[in-house]
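Here's the structure, in structure tokens; my notes come after.
The values are calculated or read from the model by the stated rules, or taken from the named source; none is laboratory data. As the structure is a prediction and not an experimental result, all values here were calculated from the model. Cβ placement follows ideal geometry from the backbone for every residue including glycine, while neighbour counts extend to all protein chains displayed. For the accessible areas, the whole protein counts, side chains as well, though only heavy atoms, and no ligand, DNA or RNA atoms are used. Shrake-Rupley method; radii C 1.70, N 1.55, O 1.52, S 1.80 Å.
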Amino acid sequence: MQANIVKLLWAGRLTYGPSIQLQKILSNLHHKQSNDKTCNTLLLVEHDPVYTIGIRNKYTEEDEIKLRNLGAEFYKTDRGGLITFHGPGQLVAYPILNLKQFKPSIKWYVCQIEQMIIRLCAEFGIIGATTSDTGVWVNDKKICAIGIHGSRYITTHGLALNCNTDLTWFDHIVPCGIEGKGVTSISKELAVNVTVEDVLPRFQNIFQETFQCSLIQYPSSEAAELLLNVTNCNKTVQDNHK
């Protein structure tokens, strides 16, 4: 059986708003062309500082203002999970997949992501593990957060792996709503600076192996047009709110 093709779109440093727009565009392609296997996309980004909350929102307007005053954006999303932080030094992956072409199970999908990150950690000599709480942990510290959304088996949102993230951003929240546990990064565990760029090649290889797919580069002209459209759209929205 021929492996599924997943198009890789590395967006580089990106604010959160355009990443949401990109996911909407890419997931809509799936809904319009449900049998087209070329719509599967792995969107990879590194965000500017932003706090995001999932559908189980426990944060007030006052909380939001406090977090914004730290210099970060704040977004309410439709993913699972509670509050988390995204920022420089963190590899954020948004797989936009039709699970009917892989395995039509959200539970299976989350498990695959967890096992993928455990394998990735192992390549760096770090022992990652799963617990009753979603994500990948090193002892009692989370190294990778997972929060997804599924609509008719089309996935959006995804995972955030701390590479050399400034972990002090997490001091202002209870990450993922889990009391008594902390966060860590690849760099902190190894006491060596490991960047997103260092992690990307291994991440891509393990993604292909885990999901038994072939990653191909998103056509450069299409990628450039997509990124230009979403960044312009986001700028218009911001200007309208000034």
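Filtering Thr210, Thr168, Thr195 for residues that are open to solvent by 50 Å² or more (accessible area, probe 1.4 Å), out of contact with any strand residue (DSSP E or B) (no Cβ under 9 Å at 6 or more places or on another chain) and polar (S, T, N, Q) leaves a single hit, Thr168. In segment 115-128, the qualifying residues are those that are in contact with a helix residue (DSSP H, G or I) (Cβ under 6 Å, 6 or more places away or on another chain) and among the aliphatic types (A, V, I, L, M), and the one that is surrounded by the fewest Cβ atoms within 10 Å (Cβ to Cβ) is Ile126.
Selection of segment 6-52 for residues being in a strand (DSSP E or B), open to solvent by less than 60 Å² (accessible area, probe 1.4 Å) and either at pLDDT below 90 or hydrophobic (A, V, I, L, M, F, W, C) (or both) yields Val6, Leu8, Leu9, Ala11, Leu14, Leu42, Leu43, Leu44, Val45, Val50.
Could you please let me know if Leu97 is closer than 15 Å to Ile206 by Cα, modelled with pLDDT of 95 or more and crowded, with 23+ Cβ neighbours inside 10 Å? So Leu97 fails the test. Return yes or no: is Gln112 on the phi < 0 side of the Ramachandran plot, open to solvent by 20 Å² or more (accessible area, probe 1.4 Å) and at pLDDT 95 or above? So Gln112 fits the description; yes.
If we keep just the residues of segment 122-136 that are touching a residue at least 12 places away in the same chain (Cβ under 8 Å) and under 19 Å from Lys181 (Cα atoms), which is nearest to the chain's Cα centre (by Cα)? Reasoning before the result, please.
Step one: filter segment 122-136 for residues touching a residue at least 12 places away in the same chain (Cβ under 8 Å), giving 123-126, 128, 130, 133-136.
Still in the running and under 19 Å from Lys181 (Cα atoms): 126, 128, 130, 133-136.
Details: Ile126: 20, Gly128: 18, Thr130: 18, Asp133: 17, Thr134: 14, Gly135: 12, Val136: 13 Å.
It comes out as Gly135.
If I filter segment 76-94 down to residues being modelled with pLDDT under 95 and assigned to a loop (DSSP other than H, G, I, E, B), which single residue comes out as most open to solvent (accessible area, probe 1.4 Å)? The selected residue is Asp78. Restricted to segment 130-165, and to residues there that are at negative phi, open to solvent by 20 Å² or more (accessible area, probe 1.4 Å) and not in a strand (DSSP E or B), the residue that is modelled with the highest pLDDT is Asn164. Considering (1) surrounded by fewer than 14 Cβ atoms within 10 Å (Cβ to Cβ); (2) in contact (Cβ under 8 Å) with a residue 12 or more places away in the chain, the lone condition that Ser185 does not fulfil carries the number (1).
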